[in-house]
Each structure stands twice: as structure tokens, then as C-alpha cells.
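Enquirer: Sharing a structure, written as C-alpha cells. Questions coming.
The values are calculated or read from the model by the stated rules, or taken from the named source; none is laboratory data. Since this is a predicted model, take the numbers as computed values, not measurements. Cβ: placed from backbone, ideal geometry, glycine included. Neighbour counts: every protein chain shown.
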Amino acid sequence: MNIYISNILRGAVLLLTLLAFSAHAQKISDLGEEVSAEADTVVAPEVTRMGDWSVVCDGEGGTACAMTQLGKDSQGSPAIEFVVRKVGEEDAEIDGVKIAAVADIITPLGVLLEFGLRLKIDAGEERGAPFRICQKHGCLVREPLSLDVIASLKKGNVAVVTVAAEGAGPIDINISLSGFTKAFNAL
């Protein structure tokens with residue numbers, strides 16, 4: 001596994017850890033490793049490939065899991081990380097819409113924040129989302145995914161994420177949906 005992909009997978013594990021234990025911050029050097037408080041031992045994450053997706057679970061029996069994929073630009077260079085995790089409550093709603101999952105999309109710095117991020121599944125309608133925060137390693141969009149969006153992702157072939165970069169304009173990044181259903185069902 002090349003170093004970049006390994007670092008992204010460790011980043012996904014960090015996201016899982018931060019989401020599960022939001023009160024406890026971790027250092028960037030701790031990416032991919034979780035220290036068990038009881039045993040004071042390092043626990044490696046469990047990574048399973050499902051189509052073009054990786055399901056990353058904590059090393060404690062896989063109780064906290066997320067699915068992740070690197071999106072590449074037109075030159076084949078990694079451009080974003082797309083992370084999906086299920087919402088723990090079956091009756092979760094936002095403004096009367098049932099929510100099945102949350103997507104965290106991480107982009108490099110240099111994106112135009114006013115443009116936001118756009119997502120289009122196959123030939124479906126384009127959806128927009130604002131950036132939440134930018135830190136020294138990139139910018140984050142965190143967006144709830146309704147049951148309808150999850151159904152579209154499960155049926156789809158490709159999701160196109162569009163961001164705009166300073167001096168480059170809009171950039172389309174393809175996310176393969178091969179293995180999405182299997183990975184989502186494994187969460």
C-alpha cells in the first residue's frame with residue numbers, strides 16, 4: 001500500500017476516533033493508532049476492501065467503522081477523501097427528513113470556500129454543501145445523507161464531487177460507487 005493511501009486510511013481512523021470521543025483530541029502523529037486506556041497498548045485499525053471502498057474500523061472489535069475512498073482529479077492524483085459513517089439512531093431527522101448517514105469530504109487547502117462543494121450522482125440533480133472548517137491539513141464538508149441520497153448512491157455508478165480551486169476554477173473529482181452498497185451495509 002503506498003504511503004499516501006496509508007496516511008488517508010489513518011486519517012479515516014482519526015475521524016472515527018474524533019467522532020466517537022469528541023472530548024479527547026489526538027495529535028496528528030497518532031493517526032492510525034488508537035491507545036487503549038485499559039491496557040496502554042497500541043491497537044491497529046481493521047481495514048477491509050469492498051469494491052473501490054475501504055471500510056475502516058477501530059481495532060477494538062470493529063465497533064466504530066466508516067467507509068472511505070480517495071477521489072482523484074483528471075490527472076489521477078488524489079484530490080479528496082470521501083468518508084461515510086452511519087448515524088447511530090434509526091429515527092434521526094433534520095427538518096423532517098430521515099438521515100441515514102453523514103458524509104465527511106476532506107479537500108486540500110486552496111479551495112474557494114464561497115463555491116462550496118457540489119455532489120452529483122450519475123445524471124441526478126446536483127446538491128451543494130458549504131465547507132465547515134479548514135485546518136492546516138485541508139478543508140472539511142460534513143453533510144447529512146438522507147435515505148434518498150443513500151438509495152441513489154447504492155444504485156449509482158459514479159458520484160462527481162466538484163470544488164473550485166483558486167486560479168483553476170471548478171474541478172470535478174470522480175468517486176466510484178462500485179462496492180458502495182456492500183461497504184455501507186457492513187457499517
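Enquirer: Within segment 132-153, restricting attention to residues that are touching a Cys at 6+ places or on another chain (Cβ under 9 Å) and at pLDDT below 95, which residue is surrounded by the most Cβ atoms within 10 Å (Cβ to Cβ)? Please lay out each step first, then the result.
Expert: Residues of segment 132-153 touching a Cys at 6+ places or on another chain (Cβ under 9 Å): 132-133, 140.
Right, trim to at pLDDT below 95 and you get 132-133.
Working: ARG132: 12, ILE133: 9.
Ranking the candidates gives ARG132 first.
Enquirer: Hey, another quick one. Which ones in segment 46-88 are closer than 19 Å to ARG142 by Cα and exposed (fewer than 12 other Cβ atoms within 10 Å of the Cβ)?
Expert: GLY88
Enquirer: Would you please name the residue that is surrounded by the fewest Cβ atoms within 10 Å (Cβ to Cβ), looking only at residues in segment 178-187 that are in a helix (DSSP H, G or I) and of a type in the set (S, T, N, Q)?
Expert: Let us first name the residues in segment 178-187 that are in a helix (DSSP H, G or I), namely 180-186.
Pick out the ones that are also of a type in the set (S, T, N, Q) and you get 181, 185.
Working: THR181: 18, ASN185: 11.
Applying the filter and picking the extreme gives ASN185.
Enquirer: Considering only residues that are under 19 Å from SER178 (Cβ atoms) and touching a Ser or Thr at 6+ places or on another chain (Cβ under 8 Å), which ones fall in segment 68-100?
Expert: THR68, GLN69, ALA79, ILE80, GLU81, PHE82, VAL83, VAL84
Enquirer: Read through the list (1) surrounded by 12 or more Cβ atoms within 10 Å (Cβ to Cβ); (2) at pLDDT 60 or above; (3) of a type outside the set (Gly, Ala, Ser), then give the number of the only condition that ASP91 fails.
Expert: (1)
Enquirer: Within segment 88-109, can one find any residue that is in contact (Cβ under 8 Å) with a residue 24 or more places away in the chain, touching a Gly at 6+ places or on another chain (Cβ under 7 Å), under 12 Å from VAL161 (Cβ atoms) and part of a loop (DSSP other than H, G, I, E, B)?
Expert: No, segment 88-109 contains no residue that is in contact (Cβ under 8 Å) with a residue 24 or more places away in the chain, touching a Gly at 6+ places or on another chain (Cβ under 7 Å), under 12 Å from VAL161 (Cβ atoms) and part of a loop (DSSP other than H, G, I, E, B).
Enquirer: For segment 5-26, indicate whether the set of residues that are farther than 30 Å from ALA151 by Cβ, modelled with pLDDT of 50 or more and of a type outside the set (Ser, Thr, Tyr) is non-empty.
Expert: No; the residues of segment 5-26 include none that is farther than 30 Å from ALA151 by Cβ, modelled with pLDDT of 50 or more and of a type outside the set (Ser, Thr, Tyr).
Enquirer: Okay, moving on. In this structure, does GLU81 turn out to be modelled with pLDDT of 90 or more and in a strand (DSSP E or B)?
Expert: Judged against the criteria, GLU81 is a match.
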